[in-house]
Amino acid sequence: MFLSVFDMFKVGIGPSSSHTMGPMVAAARFLDQMRASPFDFHGLRASLHGSLAFTGVGHASDRATTLGLAGFRPDTYDDEKAETALAQIRETGQVSPEGLGTLAYDPKTDLIFDYDHTLEGHANGMILMGTDAQGDVILQQVFYSVGGGFVLTEEELAAGKATDEGAPVPYPFKSAAEMLEMAKQSGKSIAAMKRANEVSRCSEISLKEGTARLWQVMNDCINRGLERDGILPGGLSIRRRAKGIHEALMAERGMNLTAPHTINDWISVYAIAVNEENAAGGQVVTAPTNGAAGVLPAVMRYYLDHVPGASERNIEDFLLTAAAIGGLVKFNASISGAEAGCQAEVGSAAAMAAAGLCAVMGGNPEQVENAAEIALEHHLGMTCDPVKGLVQVPCIERNGLGAIKAVSAASLALRGDGNHFVPLDAVIETMRQTGADMNEKYKETSLGGLAVNVPNC
């Protein structure tokens, strides 16, 4: 099983990897299909289903779909150009993606939120259509946004592409047990095995430069979040808090009376900064999703700024170890809140961050696996019930608490020798089963939990 570190961590835009980035990626793929088609297209239509319909407005799924059909992509997204394009589309009822000319598309009539028909393959389903001069559909494709910005067509999902192993790699572990056995046999760390897998597909220079860029984008996101204040968009009137908390923490530095637990506030503020940026539609890195994008960067920043002897030279190992754990979760369960609740997002992120931190602090493979297990185990059953469908409440604070749990899990694992009662594989399978049993209203539909017990305006 191989899932690249650059698949697990993708530069994109907020507020959601599955509901914002996914639809934009799907639209880009559909445009490619149209370009390869012999038909003469005159228009476009789209319909959003399941969780994409129920929480699509709060997650900007409609905006992302429209921009995607206009030719925008998450990795090269420019906010200023996007706003200009959206204004033109609303005014003209047309889009002009490269190579396809001008096509009729009015978001008010050609983009449908279908609350009545959930598509069979996944909770995040959408249908994109190309029409002829008479308005008849001549090309149609069903897409599923399966979490973390990953998008599959209906045919790809049916063919098992979601669990496709791809070409052989040196260390093809599909489970934590296999991972530990390969580490034992090879004498390599989890990061070293993951690095060998990566360089079998790309150059060492590409890996080094790519992981450095991932951390730069993550860290820049933290810094922006610590500097900005104001009200987050969406109608809940949620005020940004990271800037104020950070300023208070900076003012307390050096005071002899600061309580030891204040370190939790530092960890939280880094995560909150990222998720406030995400909620505002800023640039983030999926880790493994946008809704959980603050956990891993917060733990990395905690490591660099607060752990004696920490070095940026270890960032690549941190990311590689985290990606290895994230790949196991995605391959054997889910990283999608719409599929398995927030345990699949913040829980997975905490497991990845705990593993990465444990590794760079000297943990052996067994301790790293233990750290991931502890972090994920104590997120089991966590629902996804965002108020008003926005990635704000409880999502922003939840990332802070997830980061704290990750640090605690790594610390506990490092206090042991790697031997423990519950294996990571068992927790991942439990998470999968729990997600399957979870009522749909607690899986990113905003039909239950906090979403219905807290005023939405």
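The values are calculated or read from the model by the stated rules, or taken from the named source; none is laboratory data. Source: prediction; values computed, not measured. Cβ sites come from the backbone with ideal geometry, for glycine too, and all protein chains shown count toward neighbours. Side chains are part of the model used for accessible areas, which takes the heavy atoms of the whole protein and leaves out ligands, DNA and RNA. Shrake-Rupley method; radii C 1.70, N 1.55, O 1.52, S 1.80 Å.
Select, from D132, D110, the only residue that is in contact with a Leu (Cβ under 9 Å, 6 or more places away or on another chain), surrounded by 14 or more Cβ atoms within 10 Å (Cβ to Cβ) and more than 19 Å from K10 (Cβ to Cβ). Spell out how you get there, then give the answer.
Values: D132 fails: in contact with a Leu (Cβ under 9 Å, 6 or more places away or on another chain).
Residue meeting the stated conditions: D110.
Taking the stated definitions as given, is E198 at pLDDT 95 or above, among the acidic types (D, E) and farther than 28 Å from E440 by Cα?
On the way: at pLDDT 95 or above: yes; among the acidic types (D, E): yes; farther than 28 Å from E440 by Cα: yes.
So E198 passes the test.
Which number in (1) open to solvent by 20 Å² or more (accessible area, probe 1.4 Å); (2) under 22 Å from the mean Cα position of the chain (by Cα) marks the one condition that G125 misses?
(1)
Of everything in the stretch 36-64, what is under 14 Å from Q141 (Cα atoms) and outside any loop (DSSP other than H, G, I, E, B)? Give them in sequence order.
Just the residues of the stretch 36-64 that are under 14 Å from Q141 (Cα atoms), to begin with: 36-37, 44-49.
Matches in the stretch 36-64: L44, R45, A46, S47, L48, H49.
Please enumerate the residues belonging to the stretch 374-384 that are open to solvent by 10 Å² or more (accessible area, probe 1.4 Å) and out of contact with any Phe, Trp or Tyr (no Cβ under 6 Å at 6 or more places or on another chain).
Within the stretch 374-384, I374, E377, H378, L380, G381, M382, C384 meet the criteria.
Quick check: is even one residue across the stretch 294-303 open to solvent by 20 Å² or more (accessible area, probe 1.4 Å), farther than 30 Å from T55 by Cβ, out of contact with any Asp or Glu (no Cβ under 8 Å at 6 or more places or on another chain) and touching a residue at least 40 places away in the same chain (Cβ under 8 Å)?
At the first step, the residues of the stretch 294-303 found to be open to solvent by 20 Å² or more (accessible area, probe 1.4 Å) are 301-302.
Of the ones still in play, those that are also farther than 30 Å from T55 by Cβ are 302.
Now restrict to residues that are out of contact with any Asp or Glu (no Cβ under 8 Å at 6 or more places or on another chain): 302.
Narrowing further to those that are touching a residue at least 40 places away in the same chain (Cβ under 8 Å): 302.
Checked the stretch 294-303: at least one residue is open to solvent by 20 Å² or more (accessible area, probe 1.4 Å), farther than 30 Å from T55 by Cβ, out of contact with any Asp or Glu (no Cβ under 8 Å at 6 or more places or on another chain) and touching a residue at least 40 places away in the same chain (Cβ under 8 Å).
Out of G341, G389, G326, G347, I need the residue that is open to solvent by less than 10 Å² (accessible area, probe 1.4 Å), in contact with a strand residue (DSSP E or B) (Cβ under 6 Å, 6 or more places away or on another chain) and touching a residue at least 40 places away in the same chain (Cβ under 8 Å). Which one?
G341
Of A323, A271, which residue is within 13 Å of the chain's Cα centre (by Cα), within 25 Å of S16 (Cα to Cα) and in a helix (DSSP H, G or I)?
That would be A323, the only listed residue that is within 13 Å of the chain's Cα centre (by Cα), within 25 Å of S16 (Cα to Cα) and in a helix (DSSP H, G or I).
Say whether the condition of being exposed (fewer than 14 other Cβ atoms within 10 Å of the Cβ), within 22 Å of the chain's Cα centre (by Cα) and outside any strand (DSSP E or B) is met by at least one residue in the stretch 170-181.
no
Taking interchain pairs and intrachain pairs at least six residues apart, which have beta carbon atoms under 9 angstrom, with the first residue in the stretch 206-222 and β-branched (V, I, T) and the second surrounded by fewer than 20 Cβ atoms within 10 Å (Cβ to Cβ) and assigned to a helix (DSSP H, G or I)?
So the pair list comes out as T211/F6.
Which of the following residues is over 17 Å from the mean Cα position of the chain (by Cα), within 25 Å of G235 (Cβ to Cβ) and at pLDDT 95 or above: V427, V387, V422?
Just a single option satisfies the conditions, and that option is V387.
Checking the structure you have, find out if any residue of the stretch 251-261 is open to solvent by 40 Å² or more (accessible area, probe 1.4 Å) and under 19 Å from S16 (Cα atoms).
Initial filter on the stretch 251-261 (open to solvent by 40 Å² or more (accessible area, probe 1.4 Å)): 251-258, 260-261.
Those left that are additionally under 19 Å from S16 (Cα atoms): none.
No: zero hits.
May I ask you to verify whether G282 is modelled with pLDDT under 95, open to solvent by less than 40 Å² (accessible area, probe 1.4 Å) and in contact with a helix residue (DSSP H, G or I) (Cβ under 9 Å, 6 or more places away or on another chain)?
Yes; evaluated as a whole, the condition is true for this residue.
Can you tell me how many residues within the stretch 65-89 are open to solvent by 30 Å² or more (accessible area, probe 1.4 Å), closer than 24 Å to D132 by Cβ and in a helix (DSSP H, G or I)?
Final tally of qualifying residues: 1.
Do you know which of the residues in the stretch 1-27 that are aromatic (F, W, Y) and outside any helix (DSSP H, G or I) is most open to solvent (accessible area, probe 1.4 Å)?
F2
If you go through the stretch 28-49, how many residues are crowded, with 24+ Cβ neighbours inside 10 Å, closer than 16 Å to G101 by Cα and in contact with a Ser or Thr (Cβ under 9 Å, 6 or more places away or on another chain)?
Residues that pass the stated criteria total 1.
Tell me, which residue of the stretch 359-373 that is open to solvent by 20 Å² or more (accessible area, probe 1.4 Å) and outside any helix (DSSP H, G or I) is farthest from V307 (Cα to Cα)?
Once the filter is applied, the top-ranked residue is N364.
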